[in-house]
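Read through the structure below, which is laid out as structure tokens, and then see the notes.
The values are calculated or read from the model by the stated rules, or taken from the named source; none is laboratory data. The structure presented is a predicted model; accordingly, all values stated were derived computationally and were not measured. Because the Cβ atoms are built from the backbone with ideal geometry, glycine has one as well, and the counts that use them run over all protein chains shown. Note: accessible area is taken over every heavy atom of the protein model, side chains too, but ligands, DNA and RNA are not part of it. Shrake-Rupley method; radii C 1.70, N 1.55, O 1.52, S 1.80 Å.
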Amino acid sequence: LPLRSVCVYGGVDIKPQTAELREGREIVVATPGRLLDHVQQKSVTFNQVEFVILDEADRMLDMGFIPDIRRILAMLPKERQSLLFSATFSDEIKKLADSMLRAPQLIEVARRNAVSETITHRVYPVAADLKRSLLVHLLTHEEANAKQVLVFVGTKFGTSRLAHYLERQGINATAIHGDKSQQQRTEALEDFKSGKARVLVATDVAARGLDIDDLPHVINYELPHVPEDYVHRIGRTGRAGKEGDATSLVCAEERGKLAEIEKLIKRPIEQVVVPGFEPGADFSGPASRGRRGRGAGHD
């Protein structure tokens with residue numbers, strides 16, 4: 001018999017999920033909070049669970065989901081196969097693995113916190129008040145041929161505001177963030193995948209797990225607070241051996257974050273100053289006006 005699966009997550013009506021669970025499913029893919037809702041409603045039981053997989057463990061940790069995870073694990077059979085997946089591997093993740101797993105085997109499929117060798121990294125130093133204008137310039141000149149561009153912003157409010165600004169500049173854009181309903185997120189993603197929206201502006205949380213084939217370009221409108229999130233962000237492009245571009249717009253206040261990212265990925269990132277969008281005197285350090293070839297600056 002084929003294995004049947006169900007997706008269980010919040011932001012949508014719980015009743016269809018409950019109906020599927022009560023029919024019986026061999027595979028349940030769930031967010032922690034909604035799964036606990038089903039536990040309370042007695043629409044799911046765990047007494048026959050053989051495998052438990054915790055995906056995106058680092059993000060679960062960052063978002064404070066671990067107490068919910070521990071509650072769920074306590075309900076599972078003691079005899080089971082447990083697996084934990086994480087794109088980054090910090091000391092916190094190691095502690096989590098040691099507490100959740102019994103005599104775990106560590107398997108690394110790439111160098112820790114590594115980025116794909118097929119991605120070209122580039123930094124555009126720019127004054128903070130010129131970032132929006134520079135982004136429009138890049139989308140209409142430098143990256144005019146890029147059909148799909150994923151732009152990362154640090155806040156939900158900033159995400160919506162930037163998407164509206166791009167629309168006013170004649171660039172088809174849509175936004176995805178935590179305050180959007182599940183249906184709104186789905187519609188925005190479909191618009192992006194179909195080409196109806198050329199630019200998808202997103203927060204880190206909303207973009208986690210996005211799987212977009214052949215996404216050519218990721219732009220960090222703002223650098224992430226945690227350097228490991230840079231690895232996650234640019235991991236949306238350059239997949240399966242394909243080439244990708246990772247661009248970051250960096251103002252003087254973000255120089256420290258840039259240094260942490262370069263330390264993490266163990267390479268300097270090429271800097272390109274665009275005439276008319278100079279960063280100002282407070283952005284110290286060398287800035288290359290030339291362009292190096294793909295792969296320049298790699299170990």
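Miscellaneous remarks
- Restricting the range 7-38 to residues that are of a type in the set (Gly, Ala, Ser) and part of a loop (DSSP other than H, G, I, E, B), the residue that is surrounded by the fewest Cβ atoms within 10 Å (Cβ to Cβ): Gly24
- Pairs are defined by a Cβ separation below 8 Å, a sequence spacing of at least 6 or placement on different chains, a first member in the range 260-279 that is modelled with pLDDT of 85 or more and polar (S, T, N, Q), and a second member that is open to solvent by 10 Å² or more (accessible area, probe 1.4 Å) and not in a loop (DSSP other than H, G, I, E, B); the pairs so defined are Gln271/Arg122.
- Checking each residue of the range 178-189 against the condition of being modelled with pLDDT of 90 or more, outside any helix (DSSP H, G or I) and open to solvent by 50 Å² or more (accessible area, probe 1.4 Å) gives no match.
- Taken over the range 46-101, residues that are of a type outside the set (A, V, I, L, M), over 21 Å from Pro227 (Cβ atoms), assigned to a helix (DSSP H, G or I) and open to solvent by 50 Å² or more (accessible area, probe 1.4 Å) amount to 5.
- The range 136-169, residues that are among the aromatic types (Phe, Trp, Tyr) and either exposed (fewer than 15 other Cβ atoms within 10 Å of the Cβ) or within 21 Å of the chain's Cα centre (by Cα) (or both): Phe152, Phe157
- Of all residues in the range 165-180, those that are among the acidic types (Asp, Glu) have Cβ atoms under 6 Å from Cβ atoms of residues that are in a helix (DSSP H, G or I), 6 or more apart or on another chain, in Asp179/Lys156.
- Qualifying residue in the range 209-218 (condition: modelled with pLDDT of 80 or more and of a type outside the set (Ser, Thr, Tyr)): yes
- Of all residues in the range 39-77, those that are within 23 Å of Ile107 (Cβ to Cβ), among the charged types (D, E, K, R) and without any contact (Cβ under 8 Å) to a residue 60 or more places away in the chain total 2.
- Residue that is out of contact with any Pro (no Cβ under 9 Å at 6 or more places or on another chain) and modelled with pLDDT under 90, where the choices are Phe89, Phe65, Phe51: Phe89
- In the range 102-119, the condition of being more than 30 Å from Ile66 (Cβ to Cβ), open to solvent by less than 30 Å² (accessible area, probe 1.4 Å) and modelled with pLDDT under 90 is met by at least one residue.
- Meets criteria (in contact with a helix residue (DSSP H, G or I) (Cβ under 9 Å, 6 or more places away or on another chain), crowded, with 18+ Cβ neighbours inside 10 Å, at pLDDT 85 or above and closer than 26 Å to Val12 by Cα) for Val201: yes
- When residues of the range 238-259 are limited to those that are outside any helix (DSSP H, G or I) and more than 17 Å from Val153 (Cβ to Cβ), the one modelled with the lowest pLDDT: Gly238
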